[in-house]
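Engineer: The structure follows.
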Amino acid sequence: MCTVRMMWIACLLVMCAAAGAAELAAQAAQEKSQAQLDWEAKLGPSQVGQPGFEFVVEDPSLPRVLLIGDSISIGYTTATRALLQGKANVLRIPANGGPTSRGLEFLGQWLGTGKWDVIHFNWGLHDLKRLKDGKMDIAAQWQVSEEQYAKNLETLVQQLKATGARLIWASTTPVPEGANGRMIGDEVKTNAIAEGIMKKHGIPIDDLYGYVFPVLSQNQRPRDVHFTEEGSAFLAKAVAASITEALEAPVWPPAAPK
């Protein structure tokens, strides 16, 4: 009898705790602004609250900066935001930017209707990813061919230019030996293609490839295109510096040295 009573009391305590947790969750949701709820609605369930996808309360007196890119950019978003605190509202797209084909599909949604002062963007590592039947295969072709990559990137640049924002292209970071589904040197090809397009449109390049390559072993994970936390913070310094230059320059792009 005593045991049954104790079990009944324990069940009541569990139910009360669950009800209390639900009430707290509902209260927390009510305290979120509509802007934050809208932002979180754009994210996947695993992204909410994760580094790089934090909700940003914008300061209306500061310029607006948008970061577009894949998981490499997700890695340096938070550190870039910290470096530019008080100088700019640094936001990012609510997703992994993936290959240029995904950019073509979603860029309009990512840009929204607000005004952007600076857009720092990259596509490349997912275009050169080698897939066969949906699986990584180093013997397969690029997910997006070189020719299609050039066409897609040209279209994306045209769309970005239409925003009136100051644009910065970020070169694709190095592919190390042994990276799954990617071949070392392919990123050099995408960077060469992109460089030609950026020169054509007068878009300055934040050369993250050249910046990190001399110290790659200290900042990149072994046999992986991704970076350590320290490596992402290292990249953020270059990203923040390029954005600061764009924000402060009297004209953009800056005049080429004679």
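Engineer: Just a yes or no: is a residue in region 134-147 more than 20 Å from Gly164 (Cβ to Cβ), part of a helix (DSSP H, G or I) and not aromatic (Phe, Trp, Tyr)?
Structural biologist: There is at least one residue in region 134-147 that is more than 20 Å from Gly164 (Cβ to Cβ), part of a helix (DSSP H, G or I) and not aromatic (Phe, Trp, Tyr).
Engineer: Do any residues in region 176-193 that are free of Cβ contacts under 8 Å to residues at least 12 places away in the same chain have Cβ atoms under 7 Å from those of residues that are of a type outside the set (S, T, N, Q) and in a loop (DSSP other than H, G, I, E, B), where the two are at least six apart or on different chains, and which pairs are they?
Structural biologist: The qualifying pairs are Ile184/Val175; Ile184/Pro176; Ile184/Glu177.
Engineer: Can I ask one more? Could you please let me know if Glu23 is surrounded by 10 or more Cβ atoms within 10 Å (Cβ to Cβ) and modelled with pLDDT of 95 or more?
Structural biologist: no
Engineer: Moving to a separate point now. How many residues are among the β-branched types (Val, Ile, Thr) and either farther than 24 Å from Ala165 by Cβ or surrounded by fewer than 17 Cβ atoms within 10 Å (Cβ to Cβ) (or both) when one looks only at region 200-229?
Structural biologist: The total comes to 4.
Engineer: How do the pairs read when you match residues in region 39-55 that are part of a helix (DSSP H, G or I) with residues anywhere that are of a type outside the set (Gly, Ala, Ser) and surrounded by 12 or more Cβ atoms within 10 Å (Cβ to Cβ), using Cβ under 6 Å and keeping only pairs 6 or more apart or on different chains?
Structural biologist: Qualifying pairs under 6 Å: Trp39/Phe55; Glu40/Val48; Lys42/Pro94.
Engineer: Identify, by number, the condition in (1) modelled with pLDDT of 95 or more; (2) surrounded by fewer than 22 Cβ atoms within 10 Å (Cβ to Cβ); (3) of a type in the set (A, V, I, L, M, F, W, C) that Leu125 doesn't meet.
Structural biologist: That leaves (2) as the condition not met.
Engineer: Being assigned to a helix (DSSP H, G or I) and out of contact with any Ser or Thr (no Cβ under 9 Å at 6 or more places or on another chain) is the filter; apply it to region 217-232 and report the residue that is nearest to Ala170 (Cα to Cα).
Structural biologist: Gly231
Engineer: Looking only at region 158-181, how many residues end up being in a loop (DSSP other than H, G, I, E, B) and either in contact with a strand residue (DSSP E or B) (Cβ under 6 Å, 6 or more places away or on another chain) or not charged (D, E, K, R) (or both)?
Structural biologist: Counting residues in region 158-181 that are in a loop (DSSP other than H, G, I, E, B) and either in contact with a strand residue (DSSP E or B) (Cβ under 6 Å, 6 or more places away or on another chain) or not charged (D, E, K, R) (or both) gives 14.
Engineer: For residues that are assigned to a loop (DSSP other than H, G, I, E, B) and touching a residue at least 40 places away in the same chain (Cβ under 8 Å), scanning just region 56-69, find the one that is nearest to Leu247 (Cα to Cα).
Structural biologist: Pro63
Engineer: With the requirement that a residue be in contact with a strand residue (DSSP E or B) (Cβ under 7 Å, 6 or more places away or on another chain) and surrounded by fewer than 19 Cβ atoms within 10 Å (Cβ to Cβ), what does region 27-75 give you?
Structural biologist: Hits for region 27-75 are Val56, Glu58, Asp59, Leu62.
Engineer: Only residues in region 145-166 that are farther than 15 Å from Lys189 by Cβ count as the first member; pair them with residues that are surrounded by 16 or more Cβ atoms within 10 Å (Cβ to Cβ) and among the small types (Gly, Ala, Ser), Cβ under 6 angstrom, at least 6 apart or cross-chain, and list the lot.
Structural biologist: Within 6 Å, the pairs are Leu156/Gly103; Arg166/Ala246.
Engineer: Quick check on my filter: what residues within region 175-197 are surrounded by fewer than 20 Cβ atoms within 10 Å (Cβ to Cβ) and on the phi < 0 side of the Ramachandran plot?
Structural biologist: The answer is Pro176, Glu177, Asn180, Met183, Ile184, Val188, Lys189, Ala192, Ile193, Glu195, Gly196, Ile197.
Engineer: I need the full set of residues from region 101-152 which are of a type in the set (A, V, I, L, M, F, W, C) and over 29 Å from Ala241 (Cα atoms), in order please.
Structural biologist: Listed by number, the residues that qualify are Leu131, Met136, Ile138, Ala139, Ala140, Trp142, Val144.
Engineer: Also, quick follow-up: Looking at region 104-118, can you tell me whether even one residue there is part of a loop (DSSP other than H, G, I, E, B), under 18 Å from the mean Cα position of the chain (by Cα) and at positive phi?
Structural biologist: Within region 104-118, one or more residues are part of a loop (DSSP other than H, G, I, E, B), under 18 Å from the mean Cα position of the chain (by Cα) and at positive phi.
Engineer: Among residues belonging to region 76-103 that are of a type outside the set (Ser, Thr, Tyr) and in a helix (DSSP H, G or I), point out the one that is surrounded by the most Cβ atoms within 10 Å (Cβ to Cβ).
Structural biologist: The residue in question is Gly103.
Engineer: Still on this structure, please answer the following. Please state which one of Ile184, Ile203, Ile243 is over 20 Å from Asp127 (Cα atoms), assigned to a loop (DSSP other than H, G, I, E, B), of a type in the set (A, V, I, L, M) and at pLDDT 95 or above.
Structural biologist: Only one candidate passes the filter, namely Ile203.
The values are calculated or read from the model by the stated rules, or taken from the named source; none is laboratory data. All values derive from a computational prediction rather than experimental measurement. So basically every Cβ, Gly included, is an ideal-geometry build from the backbone, and we count neighbours across all protein chains shown.
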